[in-house]
Amino acid sequence: MVKLYNQGVYLLNGSEIVPDGADAVREIEGKVGHVVSKEEAAKETIAYRILKEHNTSPDMEHLRIKFDKLTSHDITFVGIIQTARASGLERFPIPYVLTNCHNSLCAVGGTINEDDHMFGLTCAKKYGGVYVPPHQAVIHQYAREMLAGGGKMILGSDSHTRYGALGTMAIGEGGPELVKQLLNKTYDIRMPEVIAVYLDGQPSVGVGPQDVALAIIKATFANGYVNNKVMEFVGPGVEKLSADFRIGIDVMTTETTCLSSIWKTDAVIEEFFEIHGRKEDFEKLSPGETAYYDGMVYVDLDKVEPMIAMPFHPSNAYTIRELNQNLSEILHDVEQKALVSLGGDVNFTLQDKVRNGKLYVEQGIIAGCAGGGFENICAASEILSGCGIGADEFTLSVYPASTPIYMELVVKNGAVAKLMEAGAVVKTAFCGPCFGAGDTPADGALSIRHSTRNFPNREGSKLQSGQIASVALMDARSIAATAANKGYLTSAADMMDREYQMPKYHFDSNIYANRVFDSKGIADPSVKIKLGPNIKDWPEMPPLPEHLLLKVVSEIHDPVTTTDELIPSGETSSYRSNPLGLAEFALSRKDPAYVGRAKEVQKAQKAIEQGQCPLEVLEELKDVMEVVRRRYPQAGEGTLGIGSTIFAVRPGDGSAREQAASCQKVLGGWANIAEEYATKRYRSNLINWGMLPLLTDEKEEQLSFHNGDYIFFPDILEKIKQKENKITAYIVKDDLVEVTFRLGEMTENEREIIQKGCLINYYRDQNR
């Protein structure tokens with residue numbers, strides 16, 4: 001159902017595929033009547049044209065992007081605005097929308113949840129932004145309804161910032177990249193490769209957008225086919241899909257680790273904008289006559305079946321038919337993966353879910369930016385019409401993605417009534433099921449969810465307390481079919497003999513007009529920002545010293561390390577506005593000893609900053625520095641910085657939350673060491689927080705350094721200044737043992753940020 005091309009391709013008139021090769025140019029000339037070079041054709045993609053329009057640099061190879069709009073939710077906007085304020089923020093220069101869909105309703109924290117919201121509201125007033133109160137909409141649905149526009153670009157601090165189906169190139173990045181936009185700076189990146197996603201055919205009855213998305217993720221994640229590239233959706237299959245269906249596929253492109261997405265647009269998308277009262281924001285987009293792509297993902301929609309992504313990653317996908325036919329084998333495979341993901345800390349099994357030869361699940365959820373769309377919920381309602389979910393363990397919760405959708409489902413077509421009659425609980429717009437702050441299943445339970453992620457502990461269980469539940473991703477249609485079958489896993493294809501006629505959607509903007517604060521871009525400097533007692537400033541961070549001595553305080557050998565493992569979501573989000581409080585949870589589910597080790601080393605750096613001898617507060621440094629000074633006697637008072645680092649094979653998959661990096665930084669981290677960084681956004685977060693994104697060519701099973709080792713980096717400041725990529729360092733043993741790292745490509749600004757110690761210092765020094 002999904003084929004990956006092993007070479008670039010030309011696309012003629014948006015439909016005909018010509019693989020790149022020796023005769024490709026001649027073949028194209030015969031078809032279009034003139035010679036087209038690869039370089040010219042590469043400029044005919046939709047992505048290239050949008051990037052060119054937003055690039056402020058004369059060089060299309062090194063982009064400096066200015067976005068049209070910004071979005072953040074309440075896990076991230078406090079830290080972003082606090083960083084921007086510390087860096088000289090006076091007003092929001094472009095529309096900036098603050099949503100409150102990650103409110104931690106289940107967390108213990110007193111007033112701190114609402115304190116964050118009042119901070120956001122007062123900042124929207126003071127700096128000229130938009131504030132969307134809790135439960136009105138999840139961040140991405142509000143952006144679709146009110147912000148997206150053809151040919152525009154949006155930057156968001158959530159990884160699933162994807163509005164490509166509406167003709168908007170959107171990118172999810174860490175908070176510091178939004179800070180740069182708020183300070184009238186640019187998003188600097190090399191021109192990304194563009195991969196065509198060619199949709200052909202038409203989905204079968206019972207197949208939904210999540211099924212198509214999981215099939216694509218399965219084909220592209222592990223091999224990195226679209227890693228940090230733009231996915232451009234084209235082909236005759238696009239026009240066979242509704243707007244909601246396209247949006248449902250599009251939002252999940254994040255899980256491929258691509259940079260962004262864009263789709264060709266047509267009358268279907270024009271109607272979407274018309275329904276939402278914004279017809280003027282529509283722009284017809286399509287590739288040029290001859291467009292060149294760096295690769296192609298060919299998707300035969302006819303052959304896509306209902307899918308399930310088993311724990312613990314969206315790429316761990318199977319057809320539901322395949323799972324049911326090979327139940328024992330696949331469940332065993334998941335249990336083996338759990339030994340890696342969970343470290344054997346708890347007993348995890350799925351075999352107890354097999355009842356009478358069928359897989360029984362305890363929970364179903366349809367929610368958020370992926371599942372909470374109008375059509376998904378309508379389809380689920382129709383499947384459940386006249387059924388009951390039963391009175392056993394299985395429960396079903398449904399979260400419409402916005403209040404306008406909820407009102408339409410309740411008032412206009414009665415879909416909610418059918419769901420509630422069946423036994424479902426229908427709730428307000430909330431991202432809780434996506435980040436571990438809502439509907440946490442019982443210990444040992446399996447939840448099926450039409451949401452974005454199924455990483456370990458995303459469902460809210462606490463591994464450190466001996467609790468473990470797990471999530472499998474499915475489409476709303478198959479979740480409803482499973483619910484109708486009272487919790488026994490069922491494909492929607494087995495329940496549907498026809499495609500349901502979707503009711504017409506009507507959007508009522510009065511809901512937002514009556515509740516959303518919109519400054520219309522007018523700042524009011526007189527407004528006093530409300531700062532709750534848990535909202536703390538960033539601690540002072542020193543600049544990069546001449547020499548660095550780093551202790552390895554965590555060594556992670558998982559194939560991929562997610563940002564959730566670097567800083568867990570869920571109840572930890574209560575401390576999202578308190579950098580030091582949040583840092584206490586860093587790596588808590590992957591390496592509980594990390595925080596203690598990092599803080600112990602940090603004592604030495606704090607001693608240096610206070611003018612004291614670090615050797616007096618950390619005894620082990622005496623022997624370490626004795627070895628270092630045999631060759632580098634100049635490393636000492638006034639020239640040396642001491643901190644920590646971690647090793648992970650491929651860190652940074654998952655959330656855009658910069659806390660995955662900033663928590664390490666406030667604990668004294670100066671670097672990460674990796675074979676590869678899973679996403680561009682995590683690497684950018686490291687740099688913006690003044691941490692070296694080191695790469696090693698050593699394979700993880702043959703590392704020359706290990707947890708507890710010290711690594712000395714002589715003249716590191718000068719090497720950064722001189723734009724060196726190769727970094728020679730020394731593992732401190734009885735003698736200095738040479739080891740080599742790479743930095744990878746870095747812009748001039750990124751090198752300056754590293755030198756200054758973090759983005760805050762960089763802008764603070766500029767403003768002096």
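The values are calculated or read from the model by the stated rules, or taken from the named source; none is laboratory data. What you see is a predicted model; the values in this text were computed from it and never measured. Glycine gets a Cβ as well: all are built from the backbone with ideal geometry, and neighbour counts include every protein chain shown.
Observations on the structure shown:
- Of the residues making up the range 184-214, not one is touching a Pro at 6+ places or on another chain (Cβ under 9 Å), farther than 25 Å from Asp300 by Cα and buried (at least 19 other Cβ atoms within 10 Å of the Cβ).
- So Asp475, is it buried (at least 24 other Cβ atoms within 10 Å of the Cβ) and touching a residue at least 40 places away in the same chain (Cβ under 8 Å): yes
- Positions within the range 568-589 being at pLDDT 85 or above and of a type outside the set (Phe, Trp, Tyr), in sequence order: Ser577, Asn578, Pro579, Leu580, Gly581, Leu582, Ala583, Glu584, Ala586, Leu587, Ser588
- Subset tally (residues that are of a type in the set (Asp, Glu), closer than 22 Å to Leu301 by Cβ and touching a residue at least 40 places away in the same chain (Cβ under 8 Å)) for the range 1-32: 0
- Members of the range 434-448 that are closer than 20 Å to Asp653 by Cα and in contact with a Pro (Cβ under 9 Å, 6 or more places away or on another chain): Gly436
- Residues of the range 746-758 satisfying the condition of being touching a Phe, Trp or Tyr at 6+ places or on another chain (Cβ under 7 Å) and either in contact (Cβ under 8 Å) with a residue 12 or more places away in the chain or under 15 Å from Glu177 (Cβ atoms) (or both): Ile753, Lys756, Cys758
- Condition broken by Tyr730, with the remaining ones in (1) touching a Pro at 6+ places or on another chain (Cβ under 8 Å); (2) in a loop (DSSP other than H, G, I, E, B); (3) under 19 Å from Val627 (Cβ atoms) satisfied: (2)
- Considering only residues in the range 1-48 that are under 15 Å from Val234 (Cα atoms) and of a type in the set (D, E, K, R), the one that is surrounded by the most Cβ atoms within 10 Å (Cβ to Cβ) turns out to be Glu44.
- Unique match (being assigned to a loop (DSSP other than H, G, I, E, B) and either touching a residue at least 24 places away in the same chain (Cβ under 8 Å) or more than 16 Å from Leu214 (Cβ to Cβ) (or both)) among Ser328, Ser261, Ser286: Ser286
- Extreme residue, surrounded by the most Cβ atoms within 10 Å (Cβ to Cβ), among residues of the range 404-438 that are more than 26 Å from the chain's Cα centre (by Cα) and at positive phi: Gly423
- The set of residues in the range 468-497 being part of a helix (DSSP H, G or I), of a type in the set (A, V, I, L, M, F, W, C) and under 22 Å from Arg458 (Cα atoms) consists of Ala476, Ile479, Ala480, Ala483.
- With respect to (1) in contact with a strand residue (DSSP E or B) (Cβ under 9 Å, 6 or more places away or on another chain); (2) assigned to a helix (DSSP H, G or I), the lone exception for Thr83 is condition (1).
- Residues within the range 281-305 that are surrounded by 20 or more Cβ atoms within 10 Å (Cβ to Cβ) and under 24 Å from the mean Cα position of the chain (by Cα), tallied: 4
- Of all positions in the range 492-506, none carries a residue that is in contact (Cβ under 8 Å) with a residue 60 or more places away in the chain, more than 20 Å from Ser242 (Cβ to Cβ) and touching a Lys or Arg at 6+ places or on another chain (Cβ under 7 Å).
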